[in-house]
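Visitor: Okay, handing you the structure first.
Taken together, the values in this text are just the output of simple stated rules run on the coordinates, not laboratory data. Keep in mind the model is a prediction, meaning the values are calculated, not measured. Virtual Cβ from ideal backbone geometry, glycine too; neighbours counted across all protein chains shown.
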Amino acid sequence: MAKTTSIAWTDHTWSPWEGCTKISPACDHCYAARMNGWLKAGENWGPGAPRFEYSDEHWKKPGRWAAKAMRDGTRPKVFPSVCDPFDNEVRPELRAQFFDLIYATQPLTWLLLTKRIGNVPSMLVGPGMPGRMPSNVWLGATLANREEMLRDGPKLKAVSATVRFWSVEPMLGDLGEIPRELLPDWVICGGESGPGARRVWRAWIDSLRDQCAAAGVPFFFKQWGGRNADAGGCELDGAEVKEWPRAA
């Protein structure tokens, strides 16, 4: 099945709603917030802002992808790119509808990435929710610096999921020495891109990559970043480093 996104670690992007609230330094230059500003005057971003809810037709698209994947014998990955699945300000009924869809599309692998990993255990047992993470979900936490890694790494490890991963993108600081027990099943790393992009340093990347290699954790380098996602390329020492977890 052909990719429908430029994000290198997924095949499709699809979101159950649009909107969020910035809660991390990683959110400072959020592309989804900028896009919402262009298209909807930013009305779906920030505390108390209503999240934009899509039409019934929008909700049919993952089912079509799943049917095609079943016919083709493929397993495409889907990433909700303009929301946080565990946003506190989303109607619980809408999140339950999303998880019903995840269960109904077993041929798809859903990459659920959150900056609110501490919300996951309680939200999984909310009204209409399954009580556990569906087997076709890879659960990720955005960890932009060492403080977030030490705070949220243990929270991710506490949730059972087929694959648990870190998105160290944008990488805003050296993670330093990582406690081996905190490392997940997969690590994505990349520099920030877009207006005002903050620089990522090679030593930070090398340290993270080397610690992943020593622990046998697949490491996926997405981009150097810059004025746009392609500005600095995506090579380390002349080659792309795009490793996948065993479940892939």
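Visitor: If each of K242 and A158 carries a label point 7 Å out from its Cα toward its Cβ, how far apart are those two points in nm?
Guide: 3.5
Visitor: Return the percentage of antiparallel bridges among DSSP beta bridges fully within the chain, rounded to the nearest 5 %.
Guide: Looking only at bridges with both residues in the chain, the antiparallel portion is about 15 percent.
Visitor: Taking the structure as given and computing log10 I(q)/I(0) by the Debye sum over Cα atoms at q = 0.14, 0.15 Å⁻¹, which label from [x] -0.97, -1.13; [y] -0.88, -0.97; [z] -1.06, -1.17 fits?
Guide: The value computed from this structure is option [x].
Visitor: When the dipole is taken about the Cα centre of the chain, and only Lys, Arg (+1) and Asp, Glu (-1) are charged at their Cβ, what size is it in debye, to the nearest 20?
Guide: The calculated dipole for the chain is roughly 400 debye.
Visitor: A follow-up question, please. How high is the relative contact order of region 1-110? Use alpha-carbon pairs under 8 Å, at least six apart in sequence, and give a whole percent.
Guide: The normalised contact order for region 1-110 reaches 36 percent.
Visitor: Could you state the angle between the C-alpha long axis of helix 146-157 and the longest principal axis of the C-alpha atoms of the chain, as a value from 0 to 90 degrees rounded to the nearest 10?
Guide: That helix lies at roughly 50 degrees to the long axis.
Visitor: Still on this structure, please answer the following. For V168, which sequence-distant residues (separation of 5 or more, or a different chain) have an amide H within less than 5 Å of its own amide H, given hydrogens modelled in the peptide plane?
Guide: Counting only residues 5 or more places away or on other chains, the set is L143, I188, C189, G190.
Visitor: Let me ask another. Pull up the cross-link candidates among the lysines for K40, meaning alpha carbon to alpha carbon under 19 Å and not fewer than 8 places away within one chain.
Guide: Within the straight-line cut-off, K40 pairs with K22.
Visitor: For region 177-235 and region 19-62, compute the distance between their C-alpha centroids and round to whole Å.
Guide: If we compute the Cα centre of each part, the gap is 25 Å.
Visitor: Something else now. So which residue, out of Q223, Q106, Q97, gets the largest mean-square fluctuation from a GNM of the chain using Cα contacts under 10 Å as springs?
Guide: Q97
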